[in-house]
1. Considering region 42-78 alone, what residues qualify as being part of a loop (DSSP other than H, G, I, E, B), near the ligand (Cβ under 9 Å from one of its atoms) and either in the same structural domain as ALA140 (by TED's automatic domain parsing) or within 21 Å of TYR124 (Cβ to Cβ) (or both)?
2. For region 124-142, which positions are assigned to a loop (DSSP other than H, G, I, E, B) and within 23 Å of ASP158 (Cβ to Cβ)?
3. Restricting to region 61-72, what's the tally of residues that are farther than 19 Å from ASN89 by Cβ and open to solvent by 30 Å² or more (accessible area, probe 1.4 Å)?
4. Of a type in the set (S, T, N, Q) and part of a loop (DSSP other than H, G, I, E, B), is that true of ASN89?
5. Return yes or no: is GLY85 modelled with pLDDT of 95 or more, more than 10 Å from the ligand (Cβ to nearest atom) and open to solvent by 10 Å² or more (accessible area, probe 1.4 Å)?
6. For region 104-117, which positions are touching a residue at least 24 places away in the same chain (Cβ under 8 Å) and either within 17 Å of GLU13 (Cβ to Cβ) or out of contact with any helix residue (DSSP H, G or I) (no Cβ under 6 Å at 6 or more places or on another chain) (or both)?
7. Pick from ILE133, ILE120: which is under 21 Å from CYS253 (Cβ atoms), away from the ligand (no atom under 15 Å from the Cβ) and either touching a helix residue (DSSP H, G or I) at 6+ places or on another chain (Cβ under 9 Å) or not acidic (Asp, Glu) (or both)?
8. Going through region 20-41 one residue at a time, which ones are within 21 Å of PHE72 (Cβ to Cβ), open to solvent by 40 Å² or more (accessible area, probe 1.4 Å) and either among the hydrophobic types (A, V, I, L, M, F, W, C) or more than 15 Å from the ligand (Cβ to nearest atom) (or both)?
Amino acid sequence: MYIENVTISSNEEIAMGIWRMSMNAPKIAAAYIGPGQFINILPNDNWEHPIRRPMSIASVNGNIVEIIYKIFGDMTHQLSRKNSGETINILGPLGNVFTEWDKKEVDPILIGGGVGLAPILNVYESCKNPIMIIGAKTAAEHFMEHDPKNNIYLTTDDGSMGIAGNALKAIDEIDVNENSFIFACGPEPMLHALQKYAIGKNIRAQLSVESYMGCGVGLCQGCVIERQNGQVQKHSYHEKYSLVCLDGPVYECSEVTFG
Ligand SMILES: Cc1cc2nc3c(=O)[nH]c(=O)nc-3n(C[C@H](O)[C@H](O)[C@H](O)COP(=O)(O)OP(=O)(O)OC[C@H]3O[C@@H](n4cnc5c(N)ncnc54)[C@H](O)[C@@H]3O)c2cc1C
């Protein structure tokens, strides 16, 4: 894990409120081990926002690390105002990775909801013949084409593009078999629904969880989630709970407890 002052090489809006930023981060790029990992960003060197913001790594090419982010609040707004040539401070690579998507007997179903698409696109780039489902609120938030012939399914909550509804609606339209394996990242209600679906249908799944996060290195304990690892002991903090920054963000489907 490294802290680097990195130079932004590009930062552009690719859909309504959705931005893609590339940065030259040689140390973090060299230490990166795969899709699922994230960086923790400090956009400005002042006391206005002293807490970093986590962003999934969308791709690594040579020294260039790319993120895809949505403007939520002040920090992401500030990030969107950065120009190429400016520097930001990032910590990473952090977290674990999706596994098994590259196994021969696995038919990956990649599902990204909202900004959860970043790590999902990252897996997509390395996968052979995956099915991909990307969900958004409305057409303007999508930057790809709905293309079922090529196994790319887009959904919108308002029905303005692709399949009307959420990712679960799209799963109904695809061929799910015993080799299917879901890899998903997105908001908690989507992950919760997918967890129920996968367990109900006996389909394997890995879920990347987006919890609130502070330090990213296990000190602040801000990103804790309840975890079922089969060895939970009463009052045992470390058995019952998990820090998304250290143990995650990717969990086996039945391991996490939502809401
Ligand atoms: C491991 C991980 C990976 C992530 N990857 C990405 C990514 O690739 N792209 C991306 O756009 N975002 C990602 N996020 C979420 C991102 O970190 C938050 O959107 C960001 O912190 C918002 O910062 P802000 O200052 O702009 O907004 P804030 O002012 O901090 O928050 C604005 C609003 O967003 C809500 N919010 C903030 N953070 C979260 C969160 N983590 N979960 C749910 N709601 C939140 C707040 O309640 C508030 O309503 C990731 C989060 C985690 C934990």
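1. ILE57, ALA58
2. Answer for region 124-142, where residues must be assigned to a loop (DSSP other than H, G, I, E, B) and within 23 Å of ASP158 (Cβ to Cβ): LYS137, THR138, HIS142.
3. 5
4. no
5. Judged against the criteria, GLY85 is a match.
6. Answer for region 104-117, where residues must be touching a residue at least 24 places away in the same chain (Cβ under 8 Å) and either within 17 Å of GLU13 (Cβ to Cβ) or out of contact with any helix residue (DSSP H, G or I) (no Cβ under 6 Å at 6 or more places or on another chain) (or both): GLU105, VAL106, ASP107, PRO108, ILE109, GLY114, VAL115, GLY116, LEU117.
7. Just a single option satisfies the conditions, and that option is ILE133.
8. Once the filter is applied, which keeps residues that are within 21 Å of PHE72 (Cβ to Cβ), open to solvent by 40 Å² or more (accessible area, probe 1.4 Å) and either among the hydrophobic types (A, V, I, L, M, F, W, C) or more than 15 Å from the ligand (Cβ to nearest atom) (or both), region 20-41 yields nothing.
The values are calculated or read from the model by the stated rules, or taken from the named source; none is laboratory data. Owing to the predicted nature of the structure, the values given are computational and were not obtained by experimental measurement. Cβ: placed from backbone, ideal geometry, glycine included. Neighbour counts: every protein chain shown. Quick note on the areas: whole protein, heavy atoms, side chains included, nothing else; ligands and nucleic acids left out. Shrake-Rupley method; radii C 1.70, N 1.55, O 1.52, S 1.80 Å.
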